[in-house]
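The values are calculated or read from the model by the stated rules, or taken from the named source; none is laboratory data. If you're wondering where the values come from, they're calculated on a predicted model, not measured in any experiment. Note: ideal-geometry Cβ built from the backbone for every residue, glycine included; neighbour counts use all protein chains shown.
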Amino acid sequence: MTIEEIIDPGRKAGETISDLKKKAIILPSWDALNKEYDQKQHPVYTDPNYTDKTKKGKTERMTRITLGWQKLAVKRMAELLFGIDVLRVYNDHGQEDEKEAAKIMEAIYTKNRINSRNIERGRWLYASCEVMTLWYAQEQETNYAGFKSQIKLRCKSFSPFSDRGRYGERLYPLFDEFDDMIALSIEYTRQEDGMAISYFETYTADTHIRWRTSGASAEEELRETYDLGKIPAIYAHRGEPIWEDQSDNVKELEWALSRNGNYIRKNSRPTWVVAADGNIDFGGEAPGENESRNVLHYPEGAKYGYATWPQAIDSLKYQAQEIKNNFFMQLQLPDMSMDNMKSTPMSGEARKMVFIDCQMKVKDESGLWLEAFDRETNVVKAFMKMMYPERADAIDRLEVEHRITPYQIRDEGEKFQNLSMATNGKPFMSQRTAIKEAGYVDDPDEEMEQINAEGMADIMEPSL
């Protein structure tokens, strides 16, 4: 069935939505993943057999120690990928109209805060296994890089993952027999007048439809067409969360630490032990588990002293350290905690080597993102041709390359020294190329002109 047949206005809404929900890819549900991601949903908190005990009106609190390593792995992966902003390199072929198109595109990305959005999308993907970003136009006069437009371009991301108090969305990509996406749908819930209203929206290459469900059946409330030629959104997915199969190990350590916490609370108080043949008055010890010590009365001549608890703390520390090391090693993520970094004295060069494993991890993950960024660029180009139809040819010719730089401890000065030594002190890069590769300016040619102008000003300035 073609997408035109699926979204035919003559079909019942329920049948159309059912066909659009046919998800060819199998991903874990966010409801299941959230039980691993959220520390408060770990078994040490939710196990019905591990509850506080009440005896004679007094409640004995059970120790619950959780480890948020899944959440840390999500943040760490997003930071490794996008801690250094993604660099967009524009090949304008030296044409002035393409340079202007590049300036407009960069301004669109900048105004949509694409760098912070990349970190957000990274966290959402690695936690919930899927994310989408919708680009849409608003009729509003705006200015991009000094070029006026009557259309403002904006974007918004969606994911089952929700960490800002909003309802998580459910995404439904629909592919044809050639694995080309022909529709992308979003299902979400919003509160309206105290009622939860369900919405289902679908985007194709030329149509946007929205259904609203407030009762037993869905009703179509919006159908609009556009001449974009492609779905105005990008979609990325991953088969498993970034913490992969490490949750069971984390849960095992949480149980071990929590059980040990119970033992410590019960046995860590100093205890007086009295050895005497006579009767001892034992009524003076302080009650409760939270008192600082036990106090016992003893007769003259009795033997007494502190009794210490022979806790096997070394074995617990060994188990905890091994599980922690295995977690970061298996996921190829660096343990960059302050305690770990300061406890291991290293030279600057040695610390760079520590990041080799995670740089390889970023290389593995970057393919997914580079593909998504290329698709996103094509979507932005399609909108740009609507916003600036007189520049359509230049926009089509413009080539954009995305470069992901893994976060690392870098010493560019050392790199340049090595390159200079390799060329025996001769220039190994033109000034324009250096300015372009540095990525600090949007237009290398304009920067070169400014440098030359400043140089001429210095020459003409009379020396004092």
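Quick look at the values:
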{"item": "Every residue from the stretch 31-45 that is assigned to a helix (DSSP H, G or I) and touching a helix residue (DSSP H, G or I) at 6+ places or on another chain (Cβ under 8 Å)", "result": "Leu33, Asn34, Lys35, Glu36, Tyr37, Gln39, Gln41, Pro43, Val44, Tyr45"}
{"item": "Residues within the stretch 186-212 that are within 25 Å of the chain's Cα centre (by Cα) and part of a loop (DSSP other than H, G, I, E, B), tallied", "result": "0"}
{"item": "Selected residue [closer than 30 Å to Asn260 by Cα and either buried (at least 19 other Cβ atoms within 10 Å of the Cβ) or of a type in the set (Val, Ile, Thr) (or both)] from Glu36, Glu60", "result": "Glu36"}
{"item": "Considering residues of the stretch 235-281 that are acidic (Asp, Glu) and modelled with pLDDT under 70 only, the residue nearest to Leu134 (Cα to Cα)", "result": "Asp281"}
{"item": "Yes/no for Val379 being hydrophobic (A, V, I, L, M, F, W, C), part of a helix (DSSP H, G or I) and surrounded by 14 or more Cβ atoms within 10 Å (Cβ to Cβ)", "result": "yes"}
{"item": "Matching residues in the stretch 214-229 - criterion: being closer than 22 Å to Gly194 by Cα, surrounded by 10 or more Cβ atoms within 10 Å (Cβ to Cβ) and free of Cβ contacts under 8 Å to residues at least 24 places away in the same chain", "result": "Ser214, Glu221"}
{"item": "Unique residue being assigned to a loop (DSSP other than H, G, I, E, B) and modelled with pLDDT of 75 or more when the list is Gly284, Gly215", "result": "Gly215"}
{"item": "Any pair with Cβ under 6 angstrom, 6 or more apart, that starts in the stretch 238-267 at a residue that is more than 21 Å from Leu125 (Cβ to Cβ) and not assigned by TED's automatic domain parsing to the domain that holds Val74 and ends at one that is of a type in the set (D, E, K, R) and surrounded by 15 or more Cβ atoms within 10 Å (Cβ to Cβ)", "result": "Ser258/Arg64"}
{"item": "Search result, residues across the stretch 11-25 that are of a type in the set (D, E, K, R) and more than 15 Å from Pro173 (Cβ to Cβ)", "result": "Arg11, Lys12, Glu15"}
{"item": "Any hit, the stretch 152-161, residues being part of a loop (DSSP other than H, G, I, E, B), out of contact with any His (no Cβ under 8 Å at 6 or more places or on another chain) and free of Cβ contacts under 8 Å to residues at least 40 places away in the same chain", "result": "yes"}
{"item": "Residue in the stretch 82-97 that is over 33 Å from the mean Cα position of the chain (by Cα) and in a helix (DSSP H, G or I) present", "result": "yes"}
{"item": "Residues satisfying the stated conditions in the stretch 225-256, i.e. out of contact with any helix residue (DSSP H, G or I) (no Cβ under 7 Å at 6 or more places or on another chain) and of a type in the set (Val, Ile, Thr)", "result": "Thr225, Ile231"}
{"item": "Ser29 closer than 17 Å to Glu244 by Cβ and polar (S, T, N, Q)", "result": "yes"}
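Residues checked against (1) over 22 Å from Asp179 (Cα atoms); (2) modelled with pLDDT of 90 or more; (3) in contact with a Gly (Cβ under 6 Å, 6 or more places away or on another chain):
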{"site": "Ile3", "(1), (2), (3)": "no, yes, no"}
{"site": "Ile17", "(1), (2), (3)": "no, yes, no"}
{"site": "Ile26", "(1), (2), (3)": "no, yes, no"}
{"site": "Lys35", "(1), (2), (3)": "yes, yes, no"}
{"site": "Lys40", "(1), (2), (3)": "yes, yes, no"}
{"site": "Arg61", "(1), (2), (3)": "yes, no, no"}
